[in-house]
Every structure is written in C-alpha cells, then in structure tokens.
1. For Arg336, indicate whether it is open to solvent by 30 Å² or more (accessible area, probe 1.4 Å), more than 19 Å from Gly9 (Cα to Cα) and touching a residue at least 40 places away in the same chain (Cβ under 8 Å).
2. Can you list residue pairs whose Cβ atoms sit under 8 Å apart, with the first residue in the range 308-327 being hydroxyl-bearing (Ser, Thr, Tyr) and the second being within 16 Å of the ligand (Cβ to nearest atom)? Count only pairs 6 or more apart in sequence or on different chains.
3. Tell me, which residue of the range 152-180 that is of a type in the set (Val, Ile, Thr) and within 16 Å of the ligand (Cβ to nearest atom) is most open to solvent (accessible area, probe 1.4 Å)?
4. Report, by residue number, each residue of the range 307-333 that is away from the ligand (no atom under 16 Å from the Cβ) and in contact with a His (Cβ under 9 Å, 6 or more places away or on another chain).
5. I'd like to check something: does the range 30-47 contain any residue that is without any contact (Cβ under 8 Å) to a residue 12 or more places away in the chain, surrounded by fewer than 20 Cβ atoms within 10 Å (Cβ to Cβ), aliphatic (A, V, I, L, M) and closer than 30 Å to Gly311 by Cβ?
6. Can you work out which of the residues in the range 294-311 that are outside any helix (DSSP H, G or I) and out of contact with any helix residue (DSSP H, G or I) (no Cβ under 8 Å at 6 or more places or on another chain) is least open to solvent (accessible area, probe 1.4 Å)?
7. Looking at the range 29-79, which of the residues that are among the basic types (Lys, Arg) and part of a helix (DSSP H, G or I) is farthest from the ligand (Cβ to nearest atom)?
8. Has the range 99-106 got at least one residue that is among the β-branched types (Val, Ile, Thr) and either within 16 Å of the ligand (Cβ to nearest atom) or over 19 Å from the mean Cα position of the chain (by Cα) (or both)?
Amino acid sequence: MHYGTRIIGTGSAFPEQVVTNEDLVSKLAALGVDTSDQWIRERTGIHQRYFCKPDTPEEYNSALGERAARQALEMAGKAPGDIDQIIFATCSAETQLPSTACWMQERLGAHRAWAMDINAACSGFIYGLSTADQFIHSGHTHTALVVGSEVLSPYMNWEDRTSCILFGDGAGAAVVERVPEDCPNRILSSHLGSNGEHADLLHAPASGSRLELTPERYRQKLHKAHMNGKEIFKVAVRTLSSYAQQALDANQMTLDDMDWFAPHQANRRILDAVANRLKIPEEKILFNVHRYGNTSAATIPTLLDGAVRDGRITEGQTILLDAFGAGLTFASMMLRW
Ligand SMILES: CC(C)(COP(=O)(O)OP(=O)(O)OC[C@H]1O[C@@H](n2cnc3c(N)ncnc32)[C@H](O)[C@@H]1OP(=O)(O)O)[C@@H](O)C(=O)NCCC(=O)NCCS
C-alpha cells in the first residue's frame, strides 16, 4: 500500500530586529565599506531583512524553528506529540553536534518523533519535503514536520558588500500528513539535483572539520561565507528555469495549469530573468525577497505561509516550488494545495 502526502499547516517566524537597507548602509560605513539603499534595491530587490541578536536563546536557530513549527501545528490542528518525524533543513546549524532538529524537538516537546537535519542550503526545504514524502509514501510515517530555518547573520563578512547585503534570518515550517495515494491535494512530483563541481561558488572554508578555526583563519574570516555572485547568478537563472520546466513536463502541465510559482528568493533580478525565459506572468509569482532578503532554507516555507495566511493560496490550487542553493543544489516540486 502506498500513500500520498499533503501539507496541512504552515508557519513562519522572524527575529525581532528589522534591518533596513539604510541601517545596513550605516553599519557598513562604520567599517569603511561603501554601499547604498539605491544600489541594494536596484540590483537585488531587497528593502530590508531580519537579523537575530547574538547570544540570545530566544533567537537561536532551534527557537525560530520552534515558533514556525507551533504555528504550522496550530493550523494543522495537531499537537507536538502527533509528529512521527522532524526534518530540519538548515545550512546554519545551531551546533555541529547535535543536530538543530534535536534542539528543536526538545523545545517543542515532540517526544515521539525522530529528528534529523538536512543541509541542502537554499534547496533544503524542498529536499526536506521530498524526503518526508518518501517516508509517507512507503507507509513508514504518518505525520511529519518539515522546517526550513536559518540564522545566517553570523556567517556574513561585513567587509564583503557583494554578499552581506543579500541574506537574512528566519524560519518557516510545514506539517505534512498521509493521504490516500489518489487524493488530488498532495505533492505531485519532485525533482532534486546537486552539482559539487560548483561547491566553491558559495562556501565557508573553515566552518567545519576541514580546516580547524585557528586565530589566523579567524582573522582571515575563513569561517564566513565566500561567494562568487556573478557565477551563481548565471547558474541560478539556467537551473531554476530547467527545474521548473521539468516539473511542468513531468505532470503534463502548461503554465495555464499552474496557479502559483514559488521560487527561491535570492535576487529579484534572477526571478525576473526566469519569468522572462519561461514567460511566467508576474501575477502568478510569489515574492518576499523585498521584506526578508535571502533566508535560504526558510524562504520557500515562509513564502508559502505568507500566501496561505493572506488568502492568495486556496484549496485545490496548483503550486510549483523551485530552488537552487549552495552545493550547488537544485530542486523543484509540484503540489496541489
Ligand atoms: C551579488 C550580486 C547582487 C551582485 O550584483 P551584480 O549586478 O552582479 O554586481 P557586480 O558584481 O557586477 O558589481 C557591479 C558593481 O557594483 C559594485 N557593488 C557590488 N556590491 C555592491 C554593494 N553592495 N553596494 C554598492 N556597490 C556594489 C561592484 O563592486 C561593481 O563595481 P565596479 O563596476 O566598480 O567593479 C548578484 O551577482 C547576485 O545576486 N548573484 C547571485 C547571488 C546569490 O544568489 N547567492 C545566493 C545563492 S542561494
């Protein structure tokens, strides 16, 4: 017996501190780094983002994830004890040991669940949903909680103006549940891919076991994100387009059959280029990059949650999720709400 998977609740959470472009301009000016609100808006579409306060337990990665998860559980009409499986997508783990999933499990009191992290950077939430879908499909799991949550601000090099203006902190979550395999409202398909050949386009060289973080490497900021933005931009436009097309083709759909396109939000210009290539009308695209910047694995669930809560996404609609991220990783998913 096989089953289908349906999203039955969503949630999102952000830290308290809003950082506008102007706030960031002042912060960088103090370090002798020149940028402007106009440059950031025109080149990225970002107006503001949220940053966690350092050393604040209520704003740890697991705490943001917990807040988003509680909202998703409430919408789903479920309690923490109903969850069988927690998948926590993040590339900014609260600690290397143990997983952020376990820290969050304890905060949430989801004691029946088994919990693990997934790191596929900005594709992480789709990777997580797709993994939960497989466990549900096989009959192993009944109810899963998939979280995409990031505290990226500690990884920013404030002296690198091409990268530090792009990212923000936040969390999104979805509760997914087993439904009959022929239920129309379910995940319809997923396409996942990775290309380690491009691993160095966005990486933090001394953030793990490869290079011990010596005082010298700390001074060189090797624990911070290093990015080749221009190269990523090109790959992003190409792969977002091809993964979106794969999802449409696999479901024998055209753009007319798709109600919403929910792409990863890294830069508004990337999204405009993809929309232009595939001829997706702007009114079918969900955006939140202007409010939150790039929140990596949190982007897609917060995008969905925003559109569900303000009534744009309604039952029976068809939604195409599409992402790329460090790795590089790629993912698309078609689902009917
Ligand atoms: C990083 C990114 C915003 C840079 O935008 P861009 O239009 O490619 O800008 P360029 O790198 O060509 O730089 C153009 C000029 O702006 C300058 N510039 C870069 N960042 C700036 C900033 N924050 N403020 C002001 N000027 C800036 C550059 O120094 C350059 O100046 P120059 O012409 O005098 O050399 C863009 O390439 C991007 O978004 N890439 C994708 C990154 C991404 O998606 N990462 C996450 C993956 S999940």
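The values are calculated or read from the model by the stated rules, or taken from the named source; none is laboratory data. Note that the structure is a prediction, hence the values are computed from the model and not measured. Don't worry about glycine lacking a Cβ; one is built from the backbone with ideal geometry, like all the others, and counts go over all protein chains shown. The area values use the complete protein model at the heavy-atom level, side chains included, leaving out ligands, DNA and RNA. Shrake-Rupley method; radii C 1.70, N 1.55, O 1.52, S 1.80 Å.
1. Working: open to solvent by 30 Å² or more (accessible area, probe 1.4 Å): yes; more than 19 Å from Gly9 (Cα to Cα): no; touching a residue at least 40 places away in the same chain (Cβ under 8 Å): yes.
Here the answer is no, as Arg336 does not meet what is asked.
2. none
3. Step one: filter the range 152-180 for residues of a type in the set (Val, Ile, Thr), giving 162, 165, 175-176, 179.
Of the ones still in play, those that are also within 16 Å of the ligand (Cβ to nearest atom) are 162, 165.
On the way: Thr162: 77, Ile165: 1 Å².
The extreme case among them is Thr162.
4. Across the range 307-333, the qualifying residue is only Met333.
5. no
6. Gly311
7. Restricting attention to the range 29-79, the residues satisfying the condition of being among the basic types (Lys, Arg) are 41, 43, 49, 53, 67, 70, 78.
From what is left, the residues that are part of a helix (DSSP H, G or I) are 41, 43, 67, 70.
On the way: Arg41: 11, Arg43: 5, Arg67: 24, Arg70: 27 Å.
Once the filter is applied, the top-ranked residue is Arg70.
8. Within the range 99-106, none of the residues are among the β-branched types (Val, Ile, Thr) and either within 16 Å of the ligand (Cβ to nearest atom) or over 19 Å from the mean Cα position of the chain (by Cα) (or both).
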